[in-house]
Structures are given as C-alpha cells and as structure tokens.
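Below you'll find the structure, written out as structure tokens, and then a few comments.
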Amino acid sequence: MIRKFLFAAMIAGALISCSKNDEVGPKDRTEKTTIRLDIGAYQVLTKNTGAINEEVAAMDSIYLLEAFVFRPDGVLESYRRYGISEMNLVGRNNLPLDVTPGEKSIYLVANSKKYAPWVGVTTKDKFLLEDVELRTERYSYFTMSETVKIDPDTVTVPLSVTLKRLVAKIVVNSIRTNFSGTPYQGMSLTNAKLYLTNVHGKKTYMGEEPQTRLILNDGGYVEADCTGDALTSCIAENVHTPVGTDGYTTRQYFYCYENLLSEETATDRFTRLVLEAQLDGNTYYYPIDINQEGYGWAAPSGEKGVKRGTIYTYDIVITGPGSDDPESKITRRSIVLDAQAESFTDGPSFTATF
C-alpha cells in the first residue's frame, strides 16, 4: 500500500547525580527534555508515469521536515527545521526535538513550500492560518502534515504519527468507446482532453479551508489555471490520439486538494473529472462527480467527495454523445464507469455505473 511515515518519539531520560545530603525536589518546569524523532517509511507502489504499480519512491520522499511545539496557551515554545543534509547526517531515526515538561501540541509539516523561515508565526493560531497552493506542489515532494498532543512526563514509547498528504490523486486507467449497434458505430472520439473542475487550489498546512479560497477550473476548463504549474499537468491533460473501441490506455494522473462537499449550492460545487471530446464534429462533455452518490460513492464507504491522501481510479467507456457543458449531469446511460477508491492506507473499493 501507500507509504506511511511513522514518527516514533523516544524520551531521553535525565541523569541526576545525588549525594547522601541531596534532596530531590519537584521537576524544574523549564528543564528541557529531548524527544528523538525516528522516521521510517514503508515501501510504496504508486506512479507518475507507466504502469499503475510502478514504484516511484520519490513521490513519497521527505526532503524537509519541520516541527512546531506549542504550549497549552498556544504560544510557540520551539521550532525545528530538518533539511535533507541533516537528516542524512544525523539519521532519520535520531532527530532531536527539545521540549519542556508539560502538555504540548506538536505540529509536523513535511515538504513545506516555505523557502524562508516562518517569520511571525509565534502562536498556534497564526500557524493554523498559514496556507499552501496546489500550484507549488511537486511530484517529488508532496506537502504532508499531522499533529499530536504529548506530555513528556507521561508519554510512552514509541510515539507514532502518520503524516498525511494534502493532495488526493485521481487516476484514469483507460478510455474507450462502445458504439456498437448505434449510428456512431466505427467513429472515434477526437481532440479529447481530461481535466478536473471546481478544484480547491489552496489549503492551510493542516488541510483546512484558508481565509481566502482559491478555486481552479471554476465551472469548466480555464487555460490559465492549467498551465505554468510547478506540478505539470496537475489538473488537465490532453489525450493525444483518437479514442475508439481499442481504447486509450495511457494512464492519466491528476492531483487536487480535499473537497468533502456532500451537497452542491450556487457557490460550492463538487470537484469533477471531465472528459471533453469531439464526436461526429460536435464537442461533448462527460463529467464525473468524484466519489459522489451515483458516481462511485456508496454508504458506508466514508465521506463523500475528494479526501486528502486518497486515490480514485476510473475506467471510462463512452456509449454516446455527452452533455453540452462540463457542469451538466448526463441523465441517460452514456458513460460506464469502473471506479475504485483506495486510501493511501486501507481505503474502500467500489464500482459505479451510470
């Protein structure tokens, strides 16, 4: 399954030398205790290009790890930044983090897109407002985060934390047509492309909605949103050959931030996977509401919508013309979906047909 990043924190005990006249009093609440971060990772089977099970370990690498330690009043007690050189030198199983006794909240961020220190982030409230944009993500180091509360006085070892990616992954295994017995028999889809719409393009580092939302491909394909990203072809990709009965089997991969909307409003829309193509000279759209009722989701498989750290996989069969715009649902049976969703840990599987 997908790589898990496990953080085992071990408390280094303090050695106290006492003479027969020494008296051991209450523990100094300003005395620092060293927590050792032990970072391990299971091997992962995932991909960027090629077969679905091709191993691309770089997609799950940690090139930068940052730890924020907050006191119960929300004040930042300490901050530690571990670069790749330090992690290689010290060892991923021996990264020190100093904290004082008493309950603390530790926030861990891997591969942040902060190329300078977090200037001014001196409280938990300020930290929780910091955001990151989908445009800055890269295949080789996705942003990950998690938080845990500890009390160094009572914590047991090892203390394990699983970091979660902010992105979800959408996979299209194949596209093919089945026009047999229809006037479209023998025709192919041409000038096709796949893209995501209503993409949440910004999140806080802990995966929550930012103060100012950013929606990419709002309501349809927006050229400016699909070019110039650090994460090339993050939300759009052309299908470079006509699609017929033999199918197009070059897998396509898209990445987006979480959108757990369960019901649409005038301003909040589902994140969709859209196939746009020409058939018999006309342009049609085949929209798929990712992990929504009627499009793969089924109780009790969990939240509706796109969840961070989850893969959604589709095979698409086109049996007729689509809709006239990328937001309109197709009410008749013109797409057959073989959809699977699996968490980066142990997620559900499902099949959807409409």
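Within a Cβ distance under 11 Å of residue 285, other residues only, what is the Lys/Arg minus Asp/Glu net charge?
Charge balance near residue 285 sits at -1.
Which pairs in the list 114/329; 113/149; 32/203; 104/169 are over 29 Å apart, alpha-carbon to alpha-carbon?
114/329; 32/203; 104/169
Mind ordering 314-321, 243-250 by average Cβ neighbours within 10 Å, highest first?
In decreasing order of mean packing, 314-321, 243-250 become 314-321, 243-250.
Arranged from highest to lowest average of other beta-carbon atoms within 10 Å per residue, in what order do the peptides 131-143, 261-273, 283-295 appear?
Put in order of decreasing packing, that is 283-295, 131-143, 261-273.
Could you work out how far apart the two model spin labels at residue 88 and residue 283 are, taking each label as a point 7 Å from the Cα in the direction of the beta carbon, and quote it in nm?
4.8
Using per-residue counts of other Cβ atoms within 10 Å, averaged over each peptide, order 276-282, 200-206, 187-193 from highest down.
200-206, 187-193, 276-282
Bear in mind that the values in this text are calculations on the coordinates, not laboratory data. Remember, predicted model here, so these are calculated numbers, not experimental data. Neighbour counts are summed over all protein chains in view; Cβ atoms, including those assigned to glycine, are modelled from backbone coordinates with ideal geometry.
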